[in-house]
1. Using θ = phi - 60° and the Karplus curve 6.51 cos²θ - 1.76 cosθ + 1.60, what whole-Hz ³J(HN,Hα) does each residue of segment 248-263 get, with Gly and Pro shown as x?
2. Taking the alpha-carbon set of segment 51-164, what are its Rg and Dmax in Å?
3. May I ask you to list the aspartates and glutamates whose Cα is less than 19 Å away from that of residue 115, ignoring any residue fewer than eight positions away on the same chain?
4. Give me Rg/Rg_expected for the chain, where Rg uses Cα atoms only and Rg_expected = 2.2 N^0.38 Å with N residues.
5. At a probe size of 1.4 Å, how large is the accessible area of residue 55, to the nearest 10 Å²?
6. Please report the net charge: other residues with Cβ closer than 14 Å to the Cβ of residue 264, K and R +1, D and E -1.
7. Quick check: at a probe of 1.4 Å, how many percent of the accessible area of the chain sits on carbon and sulfur atoms?
8. With no solvent and one point on each alpha carbon, what is the Debye value of log10 I(q)/I(0) for segment 120-255 at q = 0.11, 0.12, 0.16, 0.19 Å⁻¹?
Amino acid sequence: MTRIGARLAAATLAALSLATPASAYWEYGHQTIAQIAMANVTPRTKTAVRRLLARSAVLDTPTCPATTIEDASVWADCVKPLKGADGKSRFGYAYGWHFQDVEICRPFTLADACKDGNCVSAQITRDVATLRDRRAATKDKVQALVFLIHFVGDLHQPLHAGEKADQGGNKVAAAYGIYEPKRFNLHSIWDGPLAERAATSGPSLVRRFPVSMRAKVAAGTVTDWSRESWQVAHDSAYASALHGDPCGPTPAHVTLSDADIAALVPVARLEIERGGLRLAKELDRALG
């Protein structure tokens, strides 16, 4: 097995062991989005981010470090299994913040998916507000920062934004070409191998983008971005998996052919780019 193949297999097994609807973008998507953001924020914002991450010990999660932007981008997933002295989940309250299950075959609305503000887009807004609050405690600011970095990434994984009563594709067994490990599903494909291929195909996405492009991509609100990601789930994630009508019956098992994968790589690549530039916008708004 090649080094890349071994890394992919190991990541697959690790992520699938979570087996939850909120299993989030693996390191490929999150770390690339975070790196794009840091390449496009203002110098003042970059300094503020680094200063807060240098205080990440206040989170008291030594097994889940957040001292670098790359570690910070996956911190919210790393802490999921952590328990307190009482044996209870320390971060179980954040479970619903990783996604928003908006039905792709009905008109777009966040009313049900974000009931009581328990969804990814609502939490992004709260995290920005915390970072802008001069009275907020250092621990609250550090946690808001690492959550924000992660959740903007989650919002740009389409199957965290749209679904068909299947937990964002988690209930749809799937094969990625000839790659079909046990318990692999449609959500896993978009989280893992597709994101990895998108992040590593073509010119590096981690670069300083022109001002005009940054402004164009980062325009709009978190709700606008939610609608857009939901539309990608409809037009690409489900349409490709069902090879036609995304709202047609979903089989118990789907296969993405090599041709399907090749067609989806630019879509996934654009989502990573969008996520990075929009994270840069939110960080500048909060800390710049």
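The values are calculated or read from the model by the stated rules, or taken from the named source; none is laboratory data. Just so it is clear, the structure is predicted and the values come from calculations on it, not from any experiment. Quick reminder, even Gly has a Cβ in these numbers, built from the backbone with ideal geometry, and neighbours come from all protein chains shown. Just so you know, the surface numbers come from the protein's heavy atoms only, side chains and all, with ligands and any DNA or RNA stripped out. Shrake-Rupley method; radii C 1.70, N 1.55, O 1.52, S 1.80 Å.
1. Calculated HN-Hα couplings, in order: x, x, 9, x, 5, 9, 10, 10, 9, 6, 4, 5, 4, 4, 4, 6 Hz.
2. 14.8, 45
3. List returned: 101, 103, 127, 154, 163, 166, 224.
4. Output field value: 0.95.
5. 120
6. Cβ neighbours under 14 Å give a net charge of -4.
7. 56
8. Values returned for q = 0.11, 0.12, 0.16, 0.19 Å⁻¹ are -0.52, -0.61, -0.96, -1.16.
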